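*Asks:* First the structure, then my questions, so here it is.
The values are calculated or read from the model by the stated rules, or taken from the named source; none is laboratory data. Source: prediction; values computed, not measured. Virtual Cβ from ideal backbone geometry, glycine too; neighbours counted across all protein chains shown. Ligands, DNA and RNA are stripped out before the accessible areas are found, and what is left, the full protein with its side chains, is counted by its heavy atoms. Shrake-Rupley method; radii C 1.70, N 1.55, O 1.52, S 1.80 Å.
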Amino acid sequence: MKNKNKIEVEKLNLWYGSKHALHDLNIKIHENQITALIGPSGCGKSTFLRCLNRMNDLVSSARIEGQVIIDGQDIYAKEVDEVSVRKRIGMVFQQPNPFPKSIYENIAYAPIKHGLVKKGKECDELVEKSLISAGLWDEVKDKLHEPGTSLSGGQQQRLCIARTIAVEPDVILMDEPTSALDPISTEKIEALMLELKKKYTIVIVTHNMQQAARVADYTAFFHLGDLIEYDETETIFVNPKVSKTEDYITGRFG
């Protein structure tokens with residue numbers, strides 16, 4: 001069965017001032033799959049990830065050309081509101097960043113603000129459902145009104161994932177979501193990602209090649225702002241077509 005394309009990137013270029021950071025990228029990201037972006041530091045992975053929800057709009061020196069088409073709509077079209085884009089395309093960052101609010105409010109805040117739920121029973125149910133989806137409910141159900149920051153690092157990251165899915169996005173972007181976590185927390189987040197892809201399209205930046213091999217259906221290898229190779233993960237790791245990909249995978253540089 002052919003995978004449906006969720007995101008189609010065409011001729012994407014990005015400059016920070018005079019620095020040309022992404023060069024003519026073309027990539028199709030498949031629905032309900034996990035796509036990993038790998039490559040050495042500074043190669044454009046996170047910059048590309050932030051193009052998918054217009055986070056680079058917040059950088060005054062950034063200039064973007066090309067198209068990022070999600071569900072048939074170019075998110076850079078003039079009539080598209082970047083705030084609505086960021087609601088549809090959730091983002092989980094490297095360092096867990098819960099709001100300085102209670103666990104409950106961390107999740108309820110955005111859905112109430114966007115008018116997705118009303119306060120009370122409807123909101124309670126959404127908070128519970130989001131925490132269950134993020135594999136955190138059993139650990140926090142008796143302390144929902146304690147600060148989100150009181151949780152361990154791994155729990156905070158799952159809280160951030162619960163917060164992301166509470167607004168029912170179409171796509172979840174993850175920028176090295178486990179790099180600040182211990183191995184047990186990492187394992188939980190990876191298991192969670194495999195569960196979440198049933199409902200969401202996930203794009204993850206990772207420095208950890210074993211992680212890409214474990215969780216990703218597709219892998220894209222970036223180097224110096226170019227997309228060198230993109231294929232099913234097994235092909236990239238076992239039988240890459242480009243020698244530079246093989247050199248990176250086998251540790252000859254990086």
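*Asks:* Take the residues in the range 83-127 that are more than 21 Å from residue 154 (Cα to Cα) and assigned to a loop (DSSP other than H, G, I, E, B); name whichever of them is most open to solvent (accessible area, probe 1.4 Å).
*Replies:* Across the range 83-127, the extreme among qualifying residues is 119.
*Asks:* Going residue by residue through the range 74-82, is there one that turns out to be in a helix (DSSP H, G or I), surrounded by 13 or more Cβ atoms within 10 Å (Cβ to Cβ) and of a type in the set (Ser, Thr, Tyr)? Let's see the steps before the verdict.
*Replies:* Residues of the range 74-82 in a helix (DSSP H, G or I): 82.
Checking which are surrounded by 13 or more Cβ atoms within 10 Å (Cβ to Cβ) leaves us with 82.
Checking which are of a type in the set (Ser, Thr, Tyr) leaves us with none.
Looking through the range 74-82, none of the residues is in a helix (DSSP H, G or I), surrounded by 13 or more Cβ atoms within 10 Å (Cβ to Cβ) and of a type in the set (Ser, Thr, Tyr).
*Asks:* Output the residues belonging to the range 128-150 that are open to solvent by 10 Å² or more (accessible area, probe 1.4 Å), touching a residue at least 40 places away in the same chain (Cβ under 8 Å) and under 19 Å from residue 110 (Cβ atoms).
*Replies:* Of everything in the range 128-150, those that are open to solvent by 10 Å² or more (accessible area, probe 1.4 Å), touching a residue at least 40 places away in the same chain (Cβ under 8 Å) and under 19 Å from residue 110 (Cβ atoms) turn out to be 133, 144, 145, 147, 149.
*Asks:* Can you work out which of the residues in the range 48-69 that are in contact with a Phe, Trp or Tyr (Cβ under 8 Å, 6 or more places away or on another chain) and either assigned to a helix (DSSP H, G or I) or among the polar types (S, T, N, Q) (or both) is most open to solvent (accessible area, probe 1.4 Å)?
*Replies:* Per the criteria, the residue is 67.
*Asks:* Among the residues of the range 142-162, how many are of a type in the set (Ser, Thr, Tyr) and in a helix (DSSP H, G or I)?
*Replies:* Kept after step one, since they are of a type in the set (Ser, Thr, Tyr), are these residues of the range 142-162: 149-150, 152.
Right, trim to in a helix (DSSP H, G or I) and you get 149-150.
Residues flagged as of a type in the set (Ser, Thr, Tyr) and in a helix (DSSP H, G or I) within the range 142-162 amount to 2.
*Asks:* Also: Could you list, in sequence order, all residues of the range 161-177 that are farther than 19 Å from residue 48 by Cα and either buried (at least 23 other Cβ atoms within 10 Å of the Cβ) or of a type in the set (D, E, K, R) (or both)?
*Replies:* Scanning the range 161-177 gives 161, 162, 163, 164, 166, 168.
*Asks:* What are the residue pairs meeting all of these: first residue in the range 33-46, first residue part of a loop (DSSP other than H, G, I, E, B), second residue among the polar types (S, T, N, Q) and open to solvent by 10 Å² or more (accessible area, probe 1.4 Å), Cβ atoms under 7 Å, and 6 or more apart or on different chains?
*Replies:* Going by the 7 Å Cβ cut-off, the qualifying pairs are 33/3.
*Asks:* Looking only at residues in the range 216-244 that are aliphatic (A, V, I, L, M) and under 15 Å from residue 45 (Cβ atoms), which one is most open to solvent (accessible area, probe 1.4 Å)? Working first, answer last.
*Replies:* Here is the first cut: in the range 216-244, the ones aliphatic (A, V, I, L, M) are 216, 220, 224, 227-228, 236, 238, 242.
Next, from what is left, pick out any that are under 15 Å from residue 45 (Cβ atoms): 216, 220, 224, 227-228, 236.
Details: 216: 12, 220: 0, 224: 115, 227: 43, 228: 47, 236: 0 Å².
Checking each candidate, the answer is 224.
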